[in-house]
Each structure stands twice: as C-alpha cells, then as structure tokens.
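*Asks:* Okay, here's the structure, questions in a sec.
Every number in this text was worked out from the coordinates using simple rules, so none of it is lab data. Small disclaimer: the values here were computed from a predicted structure and weren't measured. So basically every Cβ, Gly included, is an ideal-geometry build from the backbone, and we count neighbours across all protein chains shown.
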Amino acid sequence: MNDLTAERDALYDDASGSVAIGDIAEAVVLYRRSVELDPQFFDGWHALGMALLKTDHVKEAIGAGLMATTLRPNDLLAWTALSQMYVKNHQIAEAEDAKGKARILSLGGKVVKE
C-alpha cells in the first residue's frame with residue numbers, strides 16, 4: 001500500500017467514524033478529501049453521496065452517486081442509492097431508470113458486461 005492509498009483509507013475511516021457519531025458534515029469534508037486523493041475510489045464516492053444526501057445536498061449527492069455508478073456499473077447498492085437521490089430531487093424518470101438497473105443486478109444480471 002502506498003502513502004496516498006494509506007492517507008485515502010485513513011480519511012475514509014475517519015469519515016465513517018464521524019458518521020457513526022452523527023457528525024455528517026465532518027464526514028462530508030473527509031469523504032471529499034478521500035476522493036480528491038483518489039478519484040477512482042468507489043467506496044469514497046458512494047459514501048460521499050450518501051452523506052451529502054443526509055445533509056440535503058441532493059444535487060451534489062447525485063453527482064457523487066453518478067461517479068460511483070460510473071466506477072462500478074454493476075454495483076447494486078450504488079444504483080439503489082442513486083435511485084434514492086433522484087427520488088429526493090423529484091427526478092422520477094431517472095429514479096425509475098436507476099431502480100431498474102438495481103433490479104437487474106438483484107436478479108443476477110449485469111448492467112455492463114465485464
């Protein structure tokens with residue numbers, strides 16, 4: 001593990017600790033720093049999206065959710081979370097599309113062939 005990965009993981013762990021004690025605003029800051037260090041960090045994008053959703057930064061949450069589904073297009077939780085984000089933003093067609101992708105994955109299918 002290189003220093004960048006170690007720092008990214010430490011930020012992610014600290015952010016998750018902040019979520020555990022209810023400090024979602026601090027978690028957002030730390031998750032953001034983790035994905036700035038590693039823009040390919042799926043777990044960071046997914047967690048950032050969920051934290052932003054909890055703090056009612058819905059448009060930003062959607063952006064993070066889209067990054068997560070771009071990085072892992074066959075991740076069931078990423079599509080489920082994105083659907084929730086779209087619902088909260090009253091984007092029903094987009095929410096239904098994301099939900100449909102989650103359903104395909106829940107049944108063992110693939111959204112993107114690997």
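*Asks:* Between Gln91 and Ile104, what length comes free when the chain is fully extended (0.36 nm per residue of separation minus the Cα-Cα distance, one decimal in nm)?
*Replies:* Details: separation 13, 0.36 × 13 = 4.68 nm, distance 2.02 nm.
Gain in length upon complete extension: 2.7 nm.
*Asks:* Residue-wise, which Karplus ³J(HN,Hα) couplings in Hz belong to the stretch 16-31, taking 6.51 cos²θ - 1.76 cosθ + 1.60, θ = phi - 60°, and x for glycine or proline?
*Replies:* 5, x, 5, 4, 4, 9, x, 8, 5, 4, 5, 4, 4, 4, 6, 4
*Asks:* Another one. Through the Karplus equation 6.51 cos²θ - 1.76 cosθ + 1.60, θ set to phi - 60°, convert the phi angles of the stretch 44-55 into ³J(HN,Hα) values in whole Hz; use x for Gly and Pro.
*Replies:* For the stretch 44-55, the Karplus-derived couplings read x, 5, 4, 5, 4, x, 5, 5, 5, 4, 5, 9 Hz, x marking Gly and Pro.
*Asks:* With +1 on each Lys and Arg Cβ and -1 on each Asp and Glu Cβ, and nothing else charged, work out how big the dipole of the chain is about its Cα centre, in Debye to the nearest 20. Could the numbers behind the result be given before it?
*Replies:* Working: 12 positive and 17 negative charges, 126 e Å.
The calculated dipole for the chain is roughly 600 debye.
*Asks:* How big is the chain in terms of Cα radius of gyration and Dmax, in angstroms?
*Replies:* For the chain, the Cα-based Rg and Dmax read 14.2, 42 Å.
*Asks:* Are there trypsin sites (Lys or Arg not before Pro) in the stretch 15-114 that DSSP puts in a loop and that have at most 12 other Cβ atoms within 10 Å, and which ones? Walk me through the intermediate numbers first.
*Replies:* Working: sites: Arg32, Arg33, Lys54, Lys59, Lys88, Lys99, Lys101, Arg103, Lys110, Lys113; in loops: Lys110, Lys113.
Qualifying residues, ordered by number: Lys110, Lys113.
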